[in-house]
Structure formats: structure tokens, C-alpha cells
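S.K.: Take a look at the following structure, please.
The values are calculated or read from the model by the stated rules, or taken from the named source; none is laboratory data. No experiment lies behind these values; they were computed from the predicted model shown. No Cβ is skipped: glycine too gets one built from the backbone with ideal geometry, and neighbour counts run over all protein chains shown. Please note that ligands, DNA and RNA were not included when accessible areas were found on the heavy atoms of the full protein model with its side chains. Shrake-Rupley method; radii C 1.70, N 1.55, O 1.52, S 1.80 Å.
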Protein chains: 4
Amino acid sequence: MTSGLAEKRREKYEAILKAALKVFAEHGFFNSQVSKIAREAGVADGTIYLYFKNKEDILISLFREKLGSLVRKFHEHVHEDDRADEAIRKICELHFTELEKDVQLAKVTQLELRQSSRELHSEISKALKPYIQLIEDVLVRGIEQGIFRRDLDVKLTRLLIFGAMDEVVSSWLISGRRYSLSAQVDKTVDFFLRGLRA
Amino acid sequence: MTSGLAEKRREKYEAILKAALKVFAEHGFFNSQVSKIAREAGVADGTIYLYFKNKEDILISLFREKLGSLVRKFHEHVHEDDRADEAIRKICELHFTELEKDVQLAKVTQLELRQSSRELHSEISKALKPYIQLIEDVLVRGIEQGIFRRDLDVKLTRLLIFGAMDEVVSSWLISGRRYSLSAQVDKTVDFFLRGLRA
Amino acid sequence: MTSGLAEKRREKYEAILKAALKVFAEHGFFNSQVSKIAREAGVADGTIYLYFKNKEDILISLFREKLGSLVRKFHEHVHEDDRADEAIRKICELHFTELEKDVQLAKVTQLELRQSSRELHSEISKALKPYIQLIEDVLVRGIEQGIFRRDLDVKLTRLLIFGAMDEVVSSWLISGRRYSLSAQVDKTVDFFLRGLRA
Amino acid sequence: MTSGLAEKRREKYEAILKAALKVFAEHGFFNSQVSKIAREAGVADGTIYLYFKNKEDILISLFREKLGSLVRKFHEHVHEDDRADEAIRKICELHFTELEKDVQLAKVTQLELRQSSRELHSEISKALKPYIQLIEDVLVRGIEQGIFRRDLDVKLTRLLIFGAMDEVVSSWLISGRRYSLSAQVDKTVDFFLRGLRA
DNA sequence: TATGAATGAGGCTTCATTCAT
DNA sequence: CATGAATGAAGCCTCATTCAT
């Protein structure tokens, strides 16, 4: 039997994060009040501070948790022995479908990702790093497999790929999600692979 | 001699915007105080409100002015009879060199571009529209010139290109500008053109 | 023991109103700062806003509470089966003695009663209505009892009576309360009854 | 020929007062901005301060001028050899018709008359004094003429009369002037005279 | 005299955080 | 652990008044 106590704690922790995701997505970080998150989570204002250091810590934790589980999902679906071009397709597919499934996460990711505070920035970079790294790994593998060009600058190219996908998601959000995001996968991947192939 | 009155007004208006750019770049919109902008501009707090409706209006005006002059610069350098591939190169070159020259503008663009407030968002989208449109125009021209693929989705592709460049700039900023941004032009354009060419 | 929670809340609510009464009486609504009321009430500035929507709401609530309890007092002392002329005497007596007892209330009533803001005005009219109505009821009863003239315009006359008493109080306040207000009851009522009697 | 200079000055002085009357009547003293008065008067903000010490001085001057001319009008129409009861009728008639003719003055008189500041209060009392005194004079004369009761307390009764009329005007204003004010003269005077007659 | 741009003190209100229960 | 009332610092904005032109 797992500890009922720690489990209870974990549950409330997640309830608060879920509430925060909703509130941040709706109003943005600076226009979200801790009290609103508390109400949404069904706890008292003070309770928040038993689980998080401060308001910013909520956002950071949120990114860590959410991006962590996203990255895990990528790793589950992209394997070392996959062909690199298939891996790139898989990555783009996951990127678009996962954010299409979880609009709140998409909003927070796109709208709050580039906020201000020093601490925030480095934390978010840290949380994103494994994903960017995954893309780089695939690029390296593709070169080794002879599928991608040898002269690729993998550090630069991973940014081009991530940024391009990121912008497609942002634009889709700003448009009010008036079209299918996942329907953009094929054309996007096509553009990438032409840029990558040997 | 030309009207000293309107000129004086224009000068102060620009002094405030210049101060705002500096303060916003350093602290982000929500962590910037109007009083700090006033001090930086060498005017009284109240003076700000003779030139701007409120704090948000400063940011919006800043975008309008800065992006407006950027877009003008693009139009000066990219001509209708240019080869589309050369135009793409020119765009990327300007994008990187202009932001490398004006780090504060880069910071505000990257950090504040995706802020929250409804009004803000639509204003910024409006300000960016002509640039995104310019990219699209070049793509269309490229297809007409037989240089780019006929099956390009220009609406999607303009986002891929803009997003990729945008991410390179962001990453460069986050890195603390430890390398040359304009040195990335060649490899970036190479990647683009492979994705675009017929 | 009864609920200490709601009781506590009520206590603080009344402490703030009491403080507001004092401050408003001394400086007038527009020259009173919320911070001064808070200090007088022994609470933090922010606490005020846990009990009142804004500064104006304090004044409105003050009127509602104070005039409400005044009106209640009138109803306790003036009964349906009283002779109408005795009822008029009672009303004037209470009007003068109650305001003589509570100078701060008198000041706020006289000085702030006719302030500007739309909302304020209608709220105050609403709070005063039952009192003016009480006077009218007594006039109607007097006519029915055959004590007062049948040709009285009760809507007009209630204003004459209220206005006359009101002015006596104002003048007494402005004079610096250099004479007894309640000592004016007999002569005032005498004047009224001559005007009313059949 | 009168001095064109002083005349010009007088004209602008009155233009500002007229503008102030309009603005104060519409928004109340505390919600009226000096700049709004200036705009209404067609002068620059700074010009106001060439004619008035400060904002409060505008209100005080306004009262002095307006009440002064009102009082003059009363003196023109009420003569020493009139019967006192006719004089009372004349006073009430003028009170109602003059304020009915000049709604702005009525509003300022009723709404701003009892505002806060120390200086203001005493100034207004001073400006009102001659009018209240006029009523008292008539009362005294009425007693001498054997028309009014010998036992009248003239100091008190002048307040009752003024207050009653004042309230009728206020109520008429608050009602949105939905009925004729001057139509109330007969019944009002009837009430007064019953209270006064020997 | 007249202007009106500039000033800057000051007030209302919000909200992250604390702490007594 | 949980609560939520209370705190009080801080910021945006207004507007009476001044002064250089």
C-alpha cells in the first residue's frame, strides 16, 4: 500500500497545478490572482503556500510537470532505432496533436513561455532543454544514418525546426483555432525534410 | 524654420518611447513602472499621460513605431523584380542584422510580443501583419518565377519561415548573445531554400 | 455562545462605519481619505475593501445604517392610533433630539446629504424616503381624524415640514451649536400645527 | 466712455463664472475640473488663475455674484411699505420663479451649498445672510403692522420659512423637474401665513 | 495679459503573502 | 495540515497649479 498521506498531498498539489493551468491560460500570468487559483482548486488562499514558495513557483512547477510529461511522451514514441526522418514526422505529429488536445497547455506555453522574471526564464529554458535536445539527437542520428546532410548545423537546425512548429501553434491559437492543427503536420514535415535530407 | 511646436512635441514623444523601450527591455512590461519610464525619459510622471492614454498604450505605440519602421526597411530592400530566393535571403539578413543592432527592440519583441491583454494582442498582430504578408508575397512571387514549388502552402510556409527566424533570435538572446546572430543567415537561408525550391 | 465569526465580522464592519462617520463629519466626503478612516478604525487600508466595495460604498452604507435606525426609532415612537398633532410633535422632537445627541450624524446628514455622484444621490433618496413617507402618513391620518385641513396638499406639505426642520438643524450646526436644538421644538411645532389645523 | 480695459476684464471674468456655473451644476464641485471650466469658457487653463485665486475661489465668487444679484432682485420687488403678508408672498414667488428660470443656479445652490471646506462654508453663509435677513425684516414688519403674531420667534421662523422653500426646490430638482415649481407658491404661502398670522 | 505644456504630490485600490486559529 | 481574514506595500493615474514663452 502506498502512503495515504503523501498520496493525499500529491493529489492536492496536482489539483492546484490544474487550477493554475486553467487560470493562467485564461488570463495570463500577471493578470491571474493567487486567490483565483485557490478558488478554482477548491482550497484556501493560504493553502497554496503550503505547496508552493510563491506565485512564480506555481508557474515554474507547472512548466516542469507539463513539459516533463510531454517530453516523456516524446521519448515513448521516438525510438533510437527509428529512421530519423520518421522520427521527425513523429515529433511534429506529437507536437501538434498534444497541444491540439490540451489547449490550456498550448496557451500557457505560447503566451507565458517568454515572460519576464530572470528566474522564470532560466527555469523554463531548463524545462524545454530536453525537448530541444531530443530534436538534436534525431538530427545527429539522421546524419549517422546517412539520411540527413553532413553539413547540417544541428544546434541551429534544432531551433529552426522547433521555432517553425512553435509559430504554427501560436498562429493557430491566435486565429481562435479555426482550423485543424494536426492537419498541418504533412506539409510542415515535408518542408523540414527537404531542408534536412542529404 | 519649421514648426518648433509640433517638432518639440514629437521629440518628447520619442524620448518617452525610447525610455520605455529601454525599461521594458530590461524588466518586462508588467515589472516596469510608469515612474521609471518617466525618470528615464527625464520628464514628470504626469507628462507621460499627456502623450499616452495609459501604460499599455505606451507599449502598443512602441510596437507600432518600431515594427512600422522595420517593415519600411524591409520594403526598401526587397523589390518586386528581385529573384524570390534572393528576396528570402535579404529578409533573413535584415531580420537578423536589425535585431542584432537593436538589442532592446529584440528583447521587447521576443519577450513582450505574446503578452496577455486582449487589446494588446490584436494591436501587435496588426503591427506584425505587414511583415508576415511580405514573406507571403515573396513566396507567391517565387512560385510565379518558377523558383519555388507550386504545391507550397504559402499561408503555412510563411509561418514556418517567420517562426524559425524568430526562434533563432530568441535563443540568441537567451544565450546572452554569446555568438553572432548575423552569422546564422547563410545556414538558415540554405535550410529555407531547400524547403522552398521547385 | 453565538457565532463568534459573524459577530466578529459585524463588529469590524461597524467599527469602520463609526470611524467613517467621524472622519466624514470632520472633513466632508471628498476631503476624507480612506487611509484616514482605516487608521481611525484601527485596521489596515486594505481591510476596508474586505467590507466595502469602494469609498463611496462606505458613505452609502453609512446612510443606510444610520437613517435606517433613525427611521426605526420614529416608527417605535409614532403609533397609528396617536392623534396626528401629537405625532407631528413627536416627530419634531425626535428629529431635533436625535441629531442633537449625535452631532456627527447631523453633520454628515446636513453636509453630505446633497452630494454629487448619481449613484449616491439615488441611494440617499432611497434611504430618506421612509421618513418623508412617515410624515405624509401622519398628515393623511390627521385629515382623516378631522384634525388637519382637508385641502392640504400632503405631498407638498411633507416637504415644507421636513425642509423647515432640516434648516433649523443646519443653522444650529453652522452656528457652532451655541444654543439648544431641542429647545426649538415647541415653537417649531406651533408653527406647523397652525399651518395644518382644520 | 467706460474703460475698455476694465470692461474687457469684467467680460472675461463673467465668462469664466458662467462656464463654472454650468460645469458645477452638471458635475458638482469636486467632480469639476478647472480645465473643463477653462474649455467651456474658451480660455486657457492658466488664464483662470489670473482671475481667481484657486478653484474654490471660483465657487465662492460664483455664490457672491449670483446670490448678490438675487438678493438685489428681492429688494427691488419687496418694499418697506408693502403689507408683510404680501411681502411673504412676493418672496416665495421670486424664490420659486427665479430658480425655475435658472436651473443651473438652482442646482449649484441646492447641491453645492452645503459642501465641505471651512472657508467655503463661512463664505456661503455670508452670501446668504442678506436674504435670510430680508425674511426676518418682513417678519418684524408684519408684527409691527399687527398682521403677524407678537409671540413669533423671528430668528427661528425665518429659518422655517427659508428651509421649507429650499426643500421644495430641492425636491423639484431631484424629481427631474417633472412639475411646475412656481405652481407651488399659493399652497406654500398659505401654509406660511397660517403659521404667521395673529 | 494669455497660453497650455509640464509638474508632482497624493489618493484609491489591488493583491501576494502571512499568521492566528 | 488547512483556513481565510488581515496586512500594507506599491502602482497607476488625476488634476490643481505654475511658469516659460
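S.K.: Tell me the carbon and sulfur percent of the accessible area for the range C:125-198, rounded to whole percent, probe radius 1.4 Å. Could the numbers behind the result be given before it?
M.R.: Numbers: 1470 of 2990 Å².
Using a 1.4 Å probe with all protein chains present, the range C:125-198 comes out at 49 percent carbon and sulfur.
S.K.: Given the rotation that superposes chain A on chain C, what residue of A brings its beta carbon nearest the axis, and what is the distance in Å?
M.R.: Here the nearest residue and distance are A:Gly46, 4.
S.K.: Leaving out ligands and nucleic acids, and using a 1.4 Å probe, what accessible area per residue does the range D:56-196 come to in Å²?
M.R.: That works out to 41 Å² for each residue.
S.K.: Positive end of the charge dipole of the range C:1-122 (Lys, Arg +1 and Asp, Glu -1 on Cβ, about the Cα centre): tell me which of C:Ser122, C:Phe30, C:Val108 has its Cα farthest that way.
M.R.: My answer, from the dipole projection, is C:Phe30.
S.K.: Rounding to the nearest 20 debye, state how big the charge dipole of the protein assembly as shown is about its Cα centre with +1 on each Lys and Arg Cβ and -1 on each Asp and Glu Cβ.
M.R.: So the magnitude is around 620 debye.
S.K.: Using modelled amide H (1.01 Å from N, peptide plane; none on Pro or chain starts), what sits under 5 Å from the amide H of C:Phe148, excluding residues fewer than 5 places away?
M.R.: Excluding prolines and chain starts, which carry no amide H, the hits are C:Ile143, C:Ala198.
S.K.: How far apart are the A:Ser35 label points across copies, placing each 7 Å from Cα toward Cβ, in nm, shortest first?
M.R.: Reported distances to equivalent positions: 2.1, 2.4, 3.2 nm.
S.K.: Report, in whole Å, the centroid distance computed from the Cα atoms of the range A:139-179 and the range D:125-198.
M.R.: Here the answer is 89 Å between Cα centres.
S.K.: Provide a list, ordered by number, of residues in the range B:121-140 showing at least 10 Å² less accessible area with every protein chain present than when their chain is taken on its own, using a 1.4 Å probe.
M.R.: B:His121, B:Ser125
S.K.: So which residues in the range C:71-113 end up with at least 30 square angstrom less accessible surface once the other protein chains are there, compared with the chain by itself, probe 1.4 angstrom?
M.R.: C:Leu111
S.K.: May I pose another question? Scan around B:Leu181 for amide H atoms under 5 Å from its own, H built in the peptide plane at 1.01 Å from N, and keep only partners 5 or more places away or cross-chain.
M.R.: Counting only residues 5 or more places away or on other chains, the set is empty.
S.K.: Percent relative contact order of chain C, based on C-alpha pairs within less than 8 angstrom and at least six residues apart?
M.R.: Here the relative contact order equals 23 percent.
S.K.: Please compute the per residue accessible area over the range D:1-52 with all protein chains in place, 1.4 Å probe, rounded to a whole number of Å².
M.R.: 60 Å²
S.K.: About its Cα centre, how strong a charge dipole does the range C:1-52 have in debye, to the nearest 20, once Lys and Arg get +1 and Asp and Glu get -1 at the Cβ?
M.R.: 60 debye
S.K.: Evaluate the charge dipole of the range D:89-171 about its Cα centre and quote only its size in Debye, nearest 20, assuming +1 on the Cβ of each Lys and Arg and -1 on the Cβ of each Asp and Glu.
M.R.: Using only the charged Cβ atoms, the result is roughly 180 debye.
S.K.: Could you tell me the largest-minus-smallest coordinate of the C-alpha atoms of the range C:56-196 on each of the three principal axes, in descending order and whole angstroms?
M.R.: Rounded to whole Å, the extents work out to 45, 34, 25 Å.
S.K.: Can you pull the Kirkwood radius for the range C:1-45, inverse mean 1/r over Cα pairs, to one decimal in Å? Before the final figure, lay out each step's value.
M.R.: Details: mean 1/r = 0.0905 Å⁻¹.
After inverting the mean inverse Cα-Cα distance, the result is 11.1 Å.
S.K.: OK, next. Could you tell me, in Å, what Rg and Dmax come out for the Cα atoms of the protein assembly as shown?
M.R.: Every Cα atom of the protein assembly as shown included, Rg and Dmax give 38.9, 126 Å.
S.K.: Using only atoms on other chains, find how many Cβ atoms lie within 10 Å of each Cβ of peptide A:153-163 and report the average.
M.R.: Values: counts 6, 0, 3, 8, 4, 2, 11, 13, 5, 4, 12.
Other-chain Cβ atoms within 10 Å of each residue's Cβ, averaged: 6.
S.K.: Can you tell me which aspartates and glutamates have their Cα less than 18 Å from the Cα of C:Lys55? Leave out same-chain residues fewer than eight positions away.
M.R.: C:Glu14, C:Glu26, C:Glu40, C:Asp45, C:Glu65, C:Glu112, C:Glu119, C:Glu123
S.K.: Separate question: With the cut-off at 1.5 for a/c, could you classify the range D:1-76 from its C-alpha gyration tensor as rounded, prolate or oblate?
M.R.: oblate
S.K.: Have a look at D:Leu156, D:Leu193, D:Phe96 and report the one farthest towards the positive end of the charge dipole of chain D, computed about the Cα centre with Cβ charges (Lys/Arg +1, Asp/Glu -1).
M.R.: D:Phe96
S.K.: I would also like to ask the following. In Å², rounded to the nearest 100, what is the total accessible surface buried by chains D and C against each other with a 1.4 Å probe?
M.R.: Interface area, both chains combined: 3400 Å², rounded to the nearest 100.
S.K.: Taking each residue of A:180-193 in turn, how many C-beta atoms of other protein chains fall within 10 Å of its C-beta, and what is the average?
M.R.: Mean shielding by partner chains, rounded to a whole number: 3.
S.K.: Please sort by residue number the GluC sites (Glu not before Pro) in the range A:80-184 whose DSSP state is loop and whose Cβ has at most 11 other Cβ atoms within 10 Å. It would help to have the intermediate numbers written out before the result.
M.R.: On the way: sites: A:Glu80, A:Glu86, A:Glu93, A:Glu98, A:Glu100, A:Glu112, A:Glu119, A:Glu123, A:Glu136, A:Glu144, A:Glu167; in loops: A:Glu80.
In loop regions of the range A:80-184 (DSSP not H, G, I, E or B), the sparsely surrounded GluC sites (Glu not before Pro) are A:Glu80.
S.K.: I've got another one for you. How far, in nm to one decimal, is C:Asp186 from itself in the other copies if the label point is set 7 angstrom along Cα toward Cβ? Shortest first, please.
M.R.: Here the equivalent label points are 3.7, 10.6, 11.3 nm apart from this one.
S.K.: While we're looking at this one, here's another question. For the range D:111-198, run through the trypsin sites (Lys or Arg not before Pro) and keep only the ones in DSSP coil with at most 14 other Cβ atoms within 10 Å of their Cβ.
M.R.: Details: sites: D:Arg114, D:Arg118, D:Lys126, D:Arg141, D:Arg149, D:Arg150, D:Lys155, D:Arg158, D:Arg177, D:Arg178, D:Lys187, D:Arg194, D:Arg197; in loops: D:Arg114, D:Arg149, D:Arg150, D:Arg177, D:Arg178.
Filter output for the range D:111-198: D:Arg150, D:Arg177, D:Arg178.
S.K.: Before rounding to the nearest 500, sum -39500 (n - 2.57) across all DSSP H runs of length at least 4 in chain D and divide by the residue total; then give [θ] at 222 nm in deg cm²/dmol.
M.R.: -24500 deg cm²/dmol
S.K.: Can you give the local net charge around D:Ala84? Use residues other than it whose beta-carbon is closer than 9 angstrom to its beta-carbon, Lys and Arg +1, Asp and Glu -1.
M.R.: Net local charge, D:Ala84 excluded: -2.
S.K.: Also, quick follow-up: How much accessible surface area, in Å² rounded to 10, belongs to the heavy atoms of A:Asp82 with a 1.4 Å probe?
M.R.: Approximately 40 Å² of A:Asp82 is accessible to the 1.4 Å probe.
S.K.: I'd like the mean, over residues of C:165-173, of how many other protein chain beta carbons sit within 10 Å of each residue's own Cβ.
M.R.: Taking all residues of C:165-173 together, the mean is 5.
S.K.: At a 1.4 Å probe radius, carbon and sulfur cover how many percent of the accessible area of the range A:1-52?
M.R.: Carbon and sulfur atoms account for 54 percent of the accessible area of the range A:1-52.
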